[in-house]
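Okay, structure first, notes after.
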């Protein structure tokens, strides 16, 4: 199956103002917001493409080393798509992840084998400049190349606050290419509803 994928790629955008390089910034220790996801996977061997799009209501709590995601995805093939509605809670202190599907009261647990990603732009990020969004909002662009992980990421954040604006990642694993695009909105400091981390009664608590 031959398939052509067209996506907006900040890797190639040139309308930016290159100023003196600022220091990579950090988001607050607690924040939440709405993320819009677009992800394409291409498997070379089978010449297959899969597409995922949807939203994630996300909450990050670095003080307690945990995060929560309320996911609503459309995945294809099959066509037109199938829907995934799931809440994912990660507790890095316990090294546990819970995948909760409220519609059928199921809860799947997994072990976390990685640490929580820091809330900062990586220290080795390359500053690519500043541009204006909607002619008013200054946005800084950072590029991180991670050859060991076969991955490159572009971070775009508000210049004054470090709030995320978008994130685009391309990665290559054996026989597969992945392109992921995230855009952020309604980002606020703090956690309005700490109960988002409460497990339902049908979930094992973990250790």
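Here, each number is a calculation from the coordinates, and none is a lab measurement. Keep in mind that this is a model prediction, so the values were computed, not measured. Note that each Cβ is placed from the backbone with ideal geometry, even for glycine, and that neighbours are counted across all protein chains shown.
Regarding the chain, what's the average projected area of the Cα-atom convex hull, expressed in nm²? Display every interim value, and only then the final one.
On the way: hull surface 54.2 nm².
Quarter of the Cα hull surface area: 13.6 nm².
In the Gaussian network model of the chain, springs joining C-alpha atoms below 10 Å, which of 168, 106, 58 carries the largest mean-square fluctuation?
Its mean-square fluctuation being the largest, the pick is 106.
If you stretched the chain out fully between residue 172 and residue 132, how much longer would it get, using 0.36 nm times the residue separation minus the C-alpha to C-alpha distance?
Contour length minus the Cα-Cα distance gives 11.3 nm.
How large is Rg over Rh for region 109-207, taking Rg from the Cα atoms and Rh as the Kirkwood inverse mean of 1/r across Cα pairs?
A ratio of 1.05.
Starting from 0.36 nm per residue, how many nanometres of slack lie between residue 188 and residue 93 once their C-alpha separation is accounted for? List each step's numbers first, then the result.
Details: separation 95, 0.36 × 95 = 34.20 nm, distance 2.41 nm.
Gain on stretching residue 188 to residue 93: 31.8 nm.
Going 7 Å from the Cα of residue 57 in the Cα-to-Cβ direction, what parts of region 185-206 have a backbone nitrogen less than 17 Å from that spot?
Answer for region 185-206: 185-200.
Calculate I(q)/I(0) for region 43-161 by the Debye formula, one identical point scatterer on each C-alpha and no solvent, and give its log10 at q = 0.12, 0.21 Å⁻¹ to two decimals.
-0.71, -1.22
In nm, give the distance between the simple-model label positions of residue 34 and residue 106, each being 7 Å from the Cα along the Cα-to-Cβ direction.
That separation, rounded to one decimal, is 2.8 nm.
Quick one: of the DSSP bridges fully inside the chain, what percent are antiparallel, nearest 5? Before the final figure, lay out each step's value.
On the way: 90 of 90 bridges.
Among the beta bridges of the chain, antiparallel pairing accounts for roughly 100 percent.
For region 95-137, take the alpha-carbon Rg, divide it by the Kirkwood Rh, and send me Rg/Rh.
Reported Rg/Rh (Cα atoms, Kirkwood Rh): 1.28.
Relative contact order for region 44-195: what is it in percent, counting Cα pairs under 8 Å that are at least 6 residues apart?
12 percent.
Of 149, 40, 125, which has the largest mean-square fluctuation in a 10 Å C-alpha GNM of the chain?
Checking each option, the largest mean-square fluctuation is seen for 149.
For the pair residue 79 and residue 150, how long in nm is the line joining their label points, each one 7 Å along Cα→Cβ?
Roughly 2.8 nm, to one decimal.
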